[in-house]
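Just below is one structure, and these are the notes that go with it.
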Amino acid sequence: MPHPLAEQFRRQARYCLPGSPLYAVLLEAMADDLDAGGPTAHVMERYRDDPSTSVPPLRLMGALHRMVLERRAPELALHYPSVGGTAPVRDAWPAAERLLTQQPDQLADLAGRPVQTNDVGRCAVLVGALLVLEHRTGLPIRLFEIGASAGLNLNVDRYAYVIDHRTLGQPDSRLRLQSPWLSYPPADLGQRLEIVERAGCDPLPVDPSTIQGRLTLTSFVWADWTERLYRLRAALQIAAEHPPTVERARAAPWLAHRLGRPRAGNVTVVWHSVVWQYIEAAEQAEIEALLAAAGARATDTAPLALVGMESVGQLDKDSRLEVTLTSWPGGNRELLATTAGHGIPTRWQSGQGRDVAG
């Protein structure tokens, strides 16, 4: 009988290409090992019935990467570019198999942790959506993020976005996102974002100021996708200077407090990216009810907006994420853009046929 997790591992392997050949090879081998009842099956036994929305394959890959980063897997580290490894990808599975065999309990415990990438590439989506809202409302922004992890996306205006021979955001930022858009959003790109309040919540927030927090975030970045690793390291340096505010809280009660009454003279923006799948149905309904109630209180001088970046359809290498905007007063919902899992590249709907140069 096929292992209940094997197909999840195979789908994730396809999804990792072309960005991470190393993870594609390891996940395919692990899928076969699950079906064969090998050490991968033993490590993942307690998670055999976990839903795909909790991404068990990436949790296990994060566990392996963390052991590499902590210098507890020297043989496997030879294949991991994140720590300078240059050994061939095709030879990585035997080293991973030995680690799974030798350290099953440690890996099983680590594989229980939720995925926390907090990929700042998704700020390419957020900055465009905020520019749209500022263009439409003419108001400064209050930015609230649910499922904020370490809060690195809350520093969205402190990053640089190099688009069509111009630089948006903070021109001298350590973090520069090169050509993140395939088309333009319906906004004035010459305007400068004014964020007057920013905060986030997460049931298990990560503290980017600590060694353990930085290890957690790094472990969930695919180890051979060096561009994403560079982005994270730059974002962590910026977070050290501008610490994000992320409270340990469930989204519904936290939003109930934040959205209690309108704030005149500002547009209040609730943002989430690749988070909805982790929230239970009952809390999803609670959040939707809170937003509807807050939307009913919104006015033209105190508008409310919800920006979401979430996956559509089953996860595979061709899957996409949609960027949606719901605006109040009125509750109008629109598709702003489509994007990749890590936010780059993003194609804005208004920009079809207006491809960005470079």
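Here's the yes/no breakdown for (1) modelled with pLDDT of 95 or more; (2) out of contact with any helix residue (DSSP H, G or I) (no Cβ under 8 Å at 6 or more places or on another chain); (3) closer than 28 Å to Ile279 by Cβ:
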{"position": "Glu134", "(1), (2), (3)": "yes, yes, yes"}
{"position": "Leu152", "(1), (2), (3)": "yes, no, yes"}
{"position": "Arg158", "(1), (2), (3)": "yes, no, yes"}
{"position": "Val162", "(1), (2), (3)": "yes, yes, no"}
{"position": "Gln170", "(1), (2), (3)": "yes, no, no"}
**Message:** Quick check on Gly62: is it under 26 Å from the mean Cα position of the chain (by Cα) and not assigned by TED's automatic domain parsing to the domain that holds Val312?
**Reply:** yes
**Val274 vs. criteria buried (at least 20 other Cβ atoms within 10 Å of the Cβ), farther than 21 Å from His135 by Cα and at pLDDT below 95** = yes
**Asked** Any idea which residue in region 244-301 is farthest from Cys123 (Cα to Cα), counting only those that are of a type in the set (Phe, Trp, Tyr) and touching a strand residue (DSSP E or B) at 6+ places or on another chain (Cβ under 9 Å)?
**Response** Trp254
**Filter result for the condition that a residue is surrounded by fewer than 21 Cβ atoms within 10 Å (Cβ to Cβ), at pLDDT below 95 and either under 28 Å from Ser273 (Cβ atoms) or not assigned by TED's automatic domain parsing to the domain that holds His342 (or both), over Pro21, Pro51** = Pro51
**Request:** Within region 88-101, work out how many residues are closer than 16 Å to Leu69 by Cα and surrounded by fewer than 17 Cβ atoms within 10 Å (Cβ to Cβ).
**Result:** 0
**Request:** Return the residue satisfying two criteria in turn: it lies in region 229-271 and is over 19 Å from Gly295 (Cβ atoms) and small (Gly, Ala, Ser), and of such residues it is surrounded by the fewest Cβ atoms within 10 Å (Cβ to Cβ).
**Result:** Ala240
**Message:** Conditions first: (1) crowded, with 19+ Cβ neighbours inside 10 Å; (2) not assigned by TED's automatic domain parsing to the domain that holds Arg263; (3) not small (Gly, Ala, Ser). Leu133 passes all but one, so which condition is the exception?
**Reply:** (2)
**Request:** Could you grab me the full set of residues in region 260-302 that are assigned to a loop (DSSP other than H, G, I, E, B) and at negative phi?
**Result:** Gly260, Arg261, Pro262, Arg263, Ala264, Asn266, Val275, Ile279, Glu280, Ala298, Asp300, Thr301
**Request:** Take the residues in region 105-157 that are charged (D, E, K, R) and not in a helix (DSSP H, G or I), then tell me which one is nearest to the chain's Cα centre (by Cα).
**Result:** Asp119
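The values are calculated or read from the model by the stated rules, or taken from the named source; none is laboratory data. Since this is a predicted model, take the numbers as computed values, not measurements. Glycine gets a Cβ as well: all are built from the backbone with ideal geometry, and neighbour counts include every protein chain shown.
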